[in-house]
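Working notes, beginning with the structure itself.
The values are calculated or read from the model by the stated rules, or taken from the named source; none is laboratory data. All of these numbers come straight from a predicted model, not from anything done at the bench. Cβ: placed from backbone, ideal geometry, glycine included. Neighbour counts: every protein chain shown.
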Amino acid sequence: MKKGIIALIAVAAVLLGCFLWAQNAFNRMVTAEEGVSAAWSQVENVYQRRADLIPNLVATVKGYAEHESRTLENVIAARSKATQVTVDPENLSAEDIARFNQAQGELSSALGRLLMITENYPDLKANKNFSELQAQLEGTENRIATERMKFNEAARSYNTLIRRFPSNIIASMFGFEKKGYFEAQAGAETAPKVEF
């Protein structure tokens, strides 16, 4: 009788230990996944800030460079496309992030072309509103890089957690899936050719 009670207590202790370990592992994964979602939200916030600056920038440039309407239209179209591409924070797959990154990259290219043509308009470059908008845009680009880095760190931490043994058992049981990363766009490893 005494051996049966000791065996029952031992089994109960093992089961309780397993339950507490599984609960702790599950809660760590939920916390890490929420961290990835929060980092993604911050990425979207800084991209939205950039999108919000663009109409003012375009309006300022339009007053000085009316015959550059094609470039201005390209910026507006790229902004529209970039703001339409959304990613579900619950499903941050590498493909979805790449699609989002591509749309944002097209907007960055259009903005780069817009800022390049402003070199032909000294009055525009001297305009206080334009200078302030350009400074805000540059600051926003820095914020984007920082938030993308923070997102990648959160995703790496989460992905490591769900892939490590024995946590991977709990992850597979409850459907925790790997999150994608922001990666450099194709051709980014090649330095641009500068000719004078």
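Data for the structure
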item	result
Complete set of residues in segment 39-89 that are touching a residue at least 24 places away in the same chain (Cβ under 8 Å) and among the basic types (Lys, Arg)	Arg49, Arg50, Arg79, Lys81
Test result for Asp52, of a type in the set (Asp, Glu), in contact with an Asp or Glu (Cβ under 8 Å, 6 or more places away or on another chain) and either more than 24 Å from Gln134 (Cα to Cα) or surrounded by 12 or more Cβ atoms within 10 Å (Cβ to Cβ) (or both)	no
Single condition Gln23 does not satisfy, out of (1) polar (S, T, N, Q); (2) farther than 30 Å from Ala78 by Cβ; (3) under 22 Å from the mean Cα position of the chain (by Cα)	(3)
Test for Thr60: is it more than 24 Å from Lys178 (Cα to Cα) and not basic (Lys, Arg)	yes
Which numbered condition Gln48 misses (of (1) touching a Leu at 6+ places or on another chain (Cβ under 8 Å); (2) under 30 Å from Ala98 (Cα atoms))	(1)
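So that you can scan it fast, the table gives a plain yes or no per residue for (1) surrounded by 12 or more Cβ atoms within 10 Å (Cβ to Cβ); (2) out of contact with any Gly (no Cβ under 8 Å at 6 or more places or on another chain); (3) more than 29 Å from Phe130 (Cα to Cα); (4) modelled with pLDDT of 90 or more:
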| position | (1), (2), (3), (4) |
| --- | --- |
| Met1 | no, yes, yes, no |
| Leu16 | no, yes, yes, yes |
| Glu66 | no, yes, no, no |
| Leu72 | yes, yes, no, no |
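Condition check ((1) surrounded by 15 or more Cβ atoms within 10 Å (Cβ to Cβ); (2) basic (Lys, Arg)) across all residues:
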position	(1), (2)
Asn101	yes, no
Ala110	yes, no
Asn120	no, no
Asp123	no, no
Lys128	no, yes
Glu132	no, no
Arg156	no, yes
Phe174	no, no
